[in-house]
1. Could you list, in sequence order, all residues of the stretch 29-70 that are within 21 Å of V83 (Cα to Cα), assigned to a loop (DSSP other than H, G, I, E, B) and open to solvent by 70 Å² or more (accessible area, probe 1.4 Å)?
2. Across the stretch 78-96, what is the total count of residues that are open to solvent by 30 Å² or more (accessible area, probe 1.4 Å) and not in a loop (DSSP other than H, G, I, E, B)?
3. Can you tell which of L23, L42 is at pLDDT below 80 and under 25 Å from Y79 (Cα atoms)?
4. Using the structure shown, decide if R75 is at pLDDT 90 or above, open to solvent by 30 Å² or more (accessible area, probe 1.4 Å), in a loop (DSSP other than H, G, I, E, B) and under 20 Å from I99 (Cα atoms).
5. Cβ-Cβ under 6 Å, sequence separation 6+ or interchain: first residue in the stretch 83-99 and among the small types (G, A, S), partner assigned to a loop (DSSP other than H, G, I, E, B) and surrounded by 15 or more Cβ atoms within 10 Å (Cβ to Cβ). Which pairs?
Amino acid sequence: MSRTLQVLVFFVVTSTILYTPYLHPSPELSFPNETPESKPLLRVLPAFRKEECDWAIRWDVCLRCVSSRYRYAQRIHFYPSGVYREHGCYSEEKGFFLIKED
């Protein structure tokens, strides 16, 4: 296996594991006793086809959103000691929402 492929596989596996809601179920639990510095930023990405998910931070979530006819989105919370990202879907009717992890 080439070095580039090893790095890519490592990135995909660790990004999928590290950002699961089971490890960090909410911003309040990830940053206890901290107050956000601002309101969360909602970032909706224009993914309408599966091919467009390759540049998403959580491509697995993006694929599930697109297959359900939603757009991939992130809600980013800003805390003094770091940033917390929630990965989910967006629609005009529902707004931002998290999808269930299977």
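1. Of all residues in the stretch 29-70, those within 21 Å of V83 (Cα to Cα) come to 29-45, 55-62.
Applying the additional criterion that residues be assigned to a loop (DSSP other than H, G, I, E, B) yields 31-40, 45, 56-58.
Within the stretch 29-70, P32, N33, T35, E37, K39 qualify.
2. Quick first cut of the stretch 78-96, residues open to solvent by 30 Å² or more (accessible area, probe 1.4 Å) only: 78, 80-81, 83, 85, 90, 92-94, 96.
Keeping just the survivors that are not in a loop (DSSP other than H, G, I, E, B) gives 78, 83, 85, 90, 96.
Number of matching residues: 5.
3. Values: L42 fails: at pLDDT below 80.
The conditions single out L23.
4. On the way: at pLDDT 90 or above: yes; open to solvent by 30 Å² or more (accessible area, probe 1.4 Å): yes; in a loop (DSSP other than H, G, I, E, B): no; under 20 Å from I99 (Cα atoms): yes.
So R75 fails the test.
5. Every condition considered, the pairs that remain are S91/Y70.
The values are calculated or read from the model by the stated rules, or taken from the named source; none is laboratory data. These numbers were taken from a predicted model, which means no experiment stands behind them. Reconstructed Cβ throughout: ideal geometry from the backbone, glycine too, with neighbour counts over all protein chains shown. Only protein heavy atoms, including side chains, enter the accessible area calculation; ligands, DNA and RNA are left aside. Shrake-Rupley method; radii C 1.70, N 1.55, O 1.52, S 1.80 Å.
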